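**Q** One structure coming up, written as structure tokens, with questions to follow.
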Amino acid sequence: MTTNDFNLNRPIHLARRDVHFERAVELLYMPIHELDTNARIRHVEKVLSLLKTSQHHAFLATKSAGTTQAEQDFLRFLNLISHNVQSAHAMMQHQTHLEGEEGFLCQFLSASQEECALPALHYRRRADDILQGVWHLLRLAHRPYRELQHGNSSQLSPQELARYRRAYDSFHTEVNERFAAEPLPQPAETTT
């Protein structure tokens, strides 16, 4: 592919980058501490899928002419966030290996569920700590990300900007439907 091919598709790549990143951020901000471990894993897997797609389109957008240093830095930021979320995902998976009757590690270690509870809790805390760090980075990234979006928009021609907006709206609807949040557990009703 030539630079001209990347230039032609730049508005679409930017729209996909933005929509997938923004949905990943929305999911990361959702309170998942009340979900069971498997639901937390599914939730984080959705985030990883969104970040991977955002990274892919951010990379393709950087192949066009006129790419700024901020775009390159944002791509590096996406990689960093993705690696952190992957680490949290690994901690959650390790937690499942120690929990319940399905947890193979407890069986392999010939340990009781009570003995495995503490290491499982440590893995959960590590995952929570990693996600807390990601949330702090995302809060710091809000302004630079919006500046990047504005800078990208100002570089597009009116026709390209119209393509970006149409693509953004279309992808936004699709992504929100496809990557719905895990349902939070409902509190038990009390009768008096």
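Coordinate-derived values only; no laboratory data. Please read these numbers as outputs of a predicted model, since none were measured by experiment. Counting neighbours? That spans all protein chains shown, and the Cβs are built from the backbone with ideal geometry, glycine included.
**Q** Those residues that are without any contact (Cβ under 8 Å) to a residue 12 or more places away in the chain and either buried (at least 17 other Cβ atoms within 10 Å of the Cβ) or in a helix (DSSP H, G or I) (or both), I need them from the stretch 74-116; list them, please.
**A** Scanning the stretch 74-116 gives Arg76, His83, Ala90, His97, Phe104, Leu105, Cys106, Gln107, Phe108, Glu114, Glu115.
**Q** Applying the selection to the stretch 52-73, what residues are in contact (Cβ under 8 Å) with a residue 40 or more places away in the chain and more than 22 Å from Val19 (Cβ to Cβ)?
**A** Listed by number, the list holds a single entry, Ala65.
**Q** State the number of residues belonging to the stretch 18-77 that are among the hydroxyl-bearing types (Ser, Thr, Tyr) and in contact with a Leu (Cβ under 9 Å, 6 or more places away or on another chain). Working first, answer last.
**A** So in the stretch 18-77, the residues among the hydroxyl-bearing types (Ser, Thr, Tyr) come out as 29, 37, 49, 53-54, 62, 64, 67-68.
The next check asks that each one be in contact with a Leu (Cβ under 9 Å, 6 or more places away or on another chain); those that pass are 29, 54, 62, 64, 68.
The total comes to 5.
**Q** May I pose another question? May I ask you to list pairs of residues, at least six apart or on different chains, whose Cβ atoms are under 8 Å apart, with the first in the stretch 150-163 being in contact (Cβ under 8 Å) with a residue 12 or more places away in the chain and surrounded by 12 or more Cβ atoms within 10 Å (Cβ to Cβ) and the second being not β-branched (Val, Ile, Thr) and not in a helix (DSSP H, G or I)?
**A** Sorted first by the residue in the stretch 150-163, then by its partner, the pairs are Gln155/Gly66.
**Q** I'd like to check something: does the stretch 69-81 contain any residue that is over 16 Å from the mean Cα position of the chain (by Cα), on the phi > 0 side of the Ramachandran plot and not β-branched (Val, Ile, Thr)? Full working, then the answer.
**A** Within the stretch 69-81, the subset over 16 Å from the mean Cα position of the chain (by Cα) is 69-73.
Filter once more, so that each one left must be on the phi > 0 side of the Ramachandran plot: none.
No; the residues of the stretch 69-81 include none that is over 16 Å from the mean Cα position of the chain (by Cα), on the phi > 0 side of the Ramachandran plot and not β-branched (Val, Ile, Thr).
**Q** Given the criteria under 19 Å from Arg17 (Cα atoms), in contact (Cβ under 8 Å) with a residue 12 or more places away in the chain and part of a helix (DSSP H, G or I), does Glu174 qualify?
**A** Working: under 19 Å from Arg17 (Cα atoms): yes; in contact (Cβ under 8 Å) with a residue 12 or more places away in the chain: no; part of a helix (DSSP H, G or I): yes.
No: the conditions fail for Glu174.
**Q** Is at least one residue of the stretch 53-73 more than 19 Å from Leu161 (Cβ to Cβ) and among the aliphatic types (A, V, I, L, M)?
**A** no
**Q** Here's another thing I want to ask about it. Is at least one residue of the stretch 131-138 touching a Pro at 6+ places or on another chain (Cβ under 9 Å), assigned to a helix (DSSP H, G or I) and of a type outside the set (A, V, I, L, M)? Don't jump to the end; show me each part of the working.
**A** So in the stretch 131-138, the residues touching a Pro at 6+ places or on another chain (Cβ under 9 Å) come out as none.
Taking every residue of the stretch 131-138 in turn, none turns out to be touching a Pro at 6+ places or on another chain (Cβ under 9 Å), assigned to a helix (DSSP H, G or I) and of a type outside the set (A, V, I, L, M).
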